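> First the structure, which I've put down as structure tokens, then a few questions once you've had a look.
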Amino acid sequence: MKSKNLANRNLFKIGFIVVIVLFVLYLIFNKFGLIKYYQLHSEINSIEKRIQDADAQIKQYDKDIKSLKNNDSKLEEVAREKFHMKKKNEKAFQFKDKKEK
């Protein structure tokens, strides 16, 4: 009687452990498991970083626009550097670097 009761108890323990292990494996490897959760969490962090970078760039652009609207010397500097503009009666020289062999 005791050996049968002990065998049933051991069988119950083994069955319980198997069920727990299967449940943990299911939580880790299913379609919405922990692996997928960490992948999505990493993707969210990456996207949030890109958003912060874009926000910083937008703030810089707003600052540049405000500076160009309020400062004529800044506007002239940008026109000369980016668009190669010059004043009337002004000569522009272009220097070419010698190619080294």
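> So if I check each of Phe93, Phe32, Phe16, which one is of a type outside the set (A, V, I, L, M) and either in contact with a helix residue (DSSP H, G or I) (Cβ under 9 Å, 6 or more places away or on another chain) or surrounded by 10 or more Cβ atoms within 10 Å (Cβ to Cβ) (or both)?
Of the residues listed, the single one that is of a type outside the set (A, V, I, L, M) and either in contact with a helix residue (DSSP H, G or I) (Cβ under 9 Å, 6 or more places away or on another chain) or surrounded by 10 or more Cβ atoms within 10 Å (Cβ to Cβ) (or both) is Phe16.
> With the condition kept exactly as written, say whether any residue in the stretch 79-89 is over 38 Å from the mean Cα position of the chain (by Cα) and among the hydrophobic types (A, V, I, L, M, F, W, C).
yes
Residue-wise test of (1) modelled with pLDDT of 95 or more; (2) touching a strand residue (DSSP E or B) at 6+ places or on another chain (Cβ under 9 Å); (3) outside any helix (DSSP H, G or I); (4) over 30 Å from Val78 (Cβ atoms).
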residue	(1), (2), (3), (4)
Tyr26	no, no, no, yes
Lys31	no, no, yes, yes
Leu40	no, no, no, yes
Ser46	yes, no, no, yes
Asp53	yes, no, no, no
Lys66	no, no, no, no
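> Another question about this same structure. Regarding Phe93, is this residue modelled with pLDDT under 80, aromatic (Phe, Trp, Tyr) and part of a loop (DSSP other than H, G, I, E, B)?
yes
> Go through the stretch 68-90 and count every residue that is outside any loop (DSSP other than H, G, I, E, B), exposed (fewer than 11 other Cβ atoms within 10 Å of the Cβ) and either of a type in the set (Ser, Thr, Tyr) or modelled with pLDDT under 85 (or both).
Final tally of qualifying residues: 4.
The values are calculated or read from the model by the stated rules, or taken from the named source; none is laboratory data. Please read these numbers as outputs of a predicted model, since none were measured by experiment. Cβ atoms come from the backbone with ideal geometry, glycine included; neighbour counts cover every protein chain shown.
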